[in-house]
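Report on one structure; see the data block that follows.
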Amino acid sequence: MPKLLYLLCALVLLAAPVRADACTLWAAAGPQVAGGGTIIVKNRDWRPDNQQKIRLATKGKYRFIYLEAEGNSFSGAKQGINEKGLAIVLASAPREVERAGKNAGMTKLRILLASYASVQEALAALKAGAWVTNPQFMVLADAKEIACVEFGPGGQYAVVAQQGSGVVFHTNHYVSPQLEPLNPHKLSTSLDRYNKISSLLQAGAPFDVQKFQAFSTDPTLWRAGATPSTTRTLSSWIIRQMPDGSGTLYLRMANPDHPVKEYRFALKDLFEGKVDLSLVQ
């Protein structure tokens, strides 16, 4: 069985509190995926003060499907995939770092999805200085490759992994040697979730959607919320792309004041407008 490629910097992390609106990201590629191709996942955690919608954007070089949060001061696109197969999911940086790095001129997720066709193209443009983003964590995938990038304040970034075989994962603290010193002094749920997804991935490949769906509902990763107003998991977003470029979106939605619902959509149907997105809630 092929050896998994992990991000192993957690052993040297400083302890750091993370903001309540936390997320867990992971992806697998190549021989680690049953049937090849890639799978990318995001469990989105936030306070229950917003509603999530699925949108189709048609302006820009490429069309893209994305999850948008509405109703609070942090509204906007949170993850998505474009018609060429570039999928991007995001997680928040520690609150102190995020506040230090706010810049209205930074590149937004929607621009990335509308502009780049692959992981390689997006990262080549990043390295060329064509774009940069606010402090946050990003996992990218297309049908052949996955990557993980950390962003700090002032345009700092570190490509933690870019590979066509293996796994990557991230939560809400820095793990790269360059940016790890940005972490504050105590860790809470971020390290717990990081260690949990690491241990689940160590259970062994090959991975499939069903196994990643089970990971996403693990009690450590699917957070119930300690009180009615505290952070909990609001959705799980899974994109499965085959080596030929075909793909499927698996979505678990837990919008406030709605029952938990699960959906499965062929990406082709989403981009061709065959799905009534207003019914996804």
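The values are calculated or read from the model by the stated rules, or taken from the named source; none is laboratory data. None of the values given here were measured: they were computed from a predicted structure. All Cβ positions, even for glycine, are placed from backbone atoms using ideal geometry, and neighbour counts span all protein chains on display. In case anyone asks, the SASA skips ligands and DNA or RNA and just uses the protein heavy atoms, side chains included. Shrake-Rupley method; radii C 1.70, N 1.55, O 1.52, S 1.80 Å.
Brief remarks follow.
- Residues Asn72 and Lys261, FRET efficiency given R0 of 22 Å [Cβ-Cβ distance, rounded to 0.05]: 0.60
- Pairs beyond 30 Å (Cα-Cα), from Lys61/Lys211; Lys127/Lys186; Lys53/Lys84; Lys84/Lys196; Lys61/Lys196; Lys127/Lys261: Lys61/Lys211; Lys127/Lys186; Lys84/Lys196; Lys61/Lys196; Lys127/Lys261
- Label zone at Gln281, where the point sits 7 Å out along the Cα-to-Cβ direction: segment 219-257 residues whose backbone N lies under 19 Å: 234-236, 251-257
- Rolling a 1.4 Å probe over the protein chains gives Asp192 an accessible area of about 90 Å².
- Residue-normalised accessible area of the chain, given per residue in Å² at a 1.4 Å probe: 41
- Point-to-point label distance, His185-Thr217, nm (Cα→Cβ direction, 7 Å offset): 4.1
- Accessible carbon and sulfur surface of the chain relative to its total accessible area, %, 1.4 Å: 54
- Calculated mean residue ellipticity, 222 nm, the chain: -4500 deg cm²/dmol, from DSSP H runs (n ≥ 4) at -39500 (n - 2.57) each, averaged per residue and rounded to 500.
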